[in-house]
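First up is the structure itself, then whatever we jot down about it.
Rule-based calculations on the coordinates, nothing more; no lab input. Just so we're clear, the structure is a prediction, and the values are computed from it rather than from any experiment. For neighbour counting, all protein chains shown are included, and Cβ atoms are generated from backbone atoms with ideal geometry for every residue, glycine included.
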Amino acid sequence: MTRAYVDDVSAERLASLQEQNLELSRLVAELRNEAALRTQFLSNISHDLRTPLTAIITHGEILRDGILGELTARQKDSVSGIIGGGRQLLDMIGEILTYARGAANQLTLTRSEFSIESVVDQVCALNESLVAKKGHALSVSIESGLPPLYADREKIAHVLGNLLGNAIDFTLPAGRVWIRCSRAAQTERGHAMLIEVGDSGIGIAPEHHELVFREFAQVDASASRQHHGTGLGLAIARKFVELHDGRLWVESVLGAGSRFYFTLPVRGVP
Amino acid sequence: MLPHILLVEDNAFVIGALRLLLEETGHRVSDASSVAGAARVLHADPPDVVLLDLTLGGEDGLSLMSSIDAAGARRPVVVALTGHDDPATFERCAGAGCRTVLVKPIRPLELKAQIATWLGERAGS
């Protein structure tokens, strides 16, 4: 083989590799662009769906609040149904948008320092009437001396609210639901807090433990009708926890309740 | 004289709902569906309060703020209306000079009470 021949082959190979590189860069750019377009599309659709819903809900509330004259109790019930359905739809549109942003890595954290207790209190207060309606016993235990969190308060409240809502929904009346917060074993990344949301409910078969975190997946299709979800709640909750470098998982036995756990790193604690 | 509210919003159904609410609770209402239309009302018939939707077709509602600032002493109270309750939107609106941000759908009695507060502040200033 002559030197000139080897040089020719190398030059040809180099040119081909460079071409492949260019093609790959182009494909990556195209995929990124597609993801951005998809998020933009979902964001636009979400705005377009929200706007007329806003009009429906506002008209309903004007009637319900008696601004156009007092309604009878039954008329008020009917209008409240329109408002309730509208607000539920609005929440679902919000979830789809949040999910799309998460999938496109467009979610950011707004961190502040707060106590886990304050978030637990807030979420429990929001669910008080649901708990009472189902006759559940809700208990909260928070290890004393837990350090404050430095996290996105709104997102942590969302995660806790989602887990507690599921625990209440998927537990037959007069069941037990609990929240426990404690120090987690030290990890490589430092100290962490462990938050558990448990229930004495219907439970989840082991083969479905990962399925519940997958988007648009409900273990039981009839449950999704009963529990009015988008099928995105746990996928979003896991995304929110992972954005904080935490982990969210479930331990459960079918028929014997579920325990959802998540960890959150804690800054500078002994 | 009834307090004058300018509604800047591009959806006719939302305008209809808010106009009904505001008129029934003792206000005079003008509406505009674009920044240019809103600027014309600001000039011709200065309002006391502007309820400003952030997304007007392809326009950014906050681009109305330069016309608002030109009103000087008669500057109306401007309140942003949005469907997005993220901190970035709140910051952008505060930075542009909005009194506050209301997330749609606004609860009627809450809006009524807040407008009364803003009008009170304005009368006192």
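B:E110 label point, 7 Å along Cα→Cβ, cut-off 19 Å on backbone N: hits in region A:55-77? Backbone N within reach: A:55-67. In a Gaussian network model over chain A where Cα atoms closer than 10 Å are linked, find which of A:P147, A:P206, A:P52 has the largest mean-square fluctuation. In this elastic network of chain A, the residue with the biggest mean-square fluctuation among A:P147, A:P206, A:P52 is A:P52.
If you wrap region A:56-160 in the convex hull of its Cα atoms and look at it from every side, the mean projected area works out to 9.8 nm². Between A:E23 and A:T110, the contour length at 0.36 nm per residue exceeds the Cα-Cα span by 27.6 nm. Beta bridges from DSSP with both residues in region A:114-265: antiparallel share about 80 percent, rounded to the nearest 5. Extending each Cα 7 Å along its Cβ direction at A:S10 and B:T100, get the distance between those two points in nm, one decimal. Reported label-point gap for A:S10 and B:T100 is 7.3 nm. Taking Cβ separations below 4.7 Å as the criterion for a possible disulfide partner, the isolated cysteines in the protein assembly as shown are A:C124, A:C181. What does the helix-only formula give at 222 nm for the protein assembly as shown: each DSSP H stretch with n ≥ 4 adding -39500 (n - 2.57), the total divided by the residues, and the result rounded to the nearest 500 deg cm²/dmol? Only helices count here, giving -17500 deg cm²/dmol. Among A:V197, A:V241, A:V28, the largest mean-square fluctuation in a Gaussian network model of chain A (Cα springs under 10 Å) belongs to A:V28.
If you bin all the Cα-Cα distances of region A:114-265 at 10 Å, starting from zero, the percentages per bin are 11, 43, 36, 9, 0. Residue by residue, region A:152-164 carries 3J(HN,Hα) couplings of 8, 4, 4, 6, 5, 5, 4, 4, 5, x, 5, 5, 5 Hz when phi is fed to the Karplus relation 6.51 cos²θ - 1.76 cosθ + 1.60 (θ = phi - 60°); x denotes Gly or Pro. What share of Cα pairs, in percent, lie more than 31 angstrom apart in chain A? Within chain A, distances greater than 31 Å cover 43 percent of Cα pairs.
With a simple spin-label model that places each label point 7 Å from the Cα along the Cα-to-Cβ direction, the separation between A:S129 and A:D77 comes to 1.6 nm. Computed over the Cα atoms of chain B, the ratio of the radius of gyration to the Kirkwood radius (Rg/Rh) comes to 0.92. For region B:4-124, the antiparallel share of DSSP beta bridges with both residues in that region comes to about 10%.
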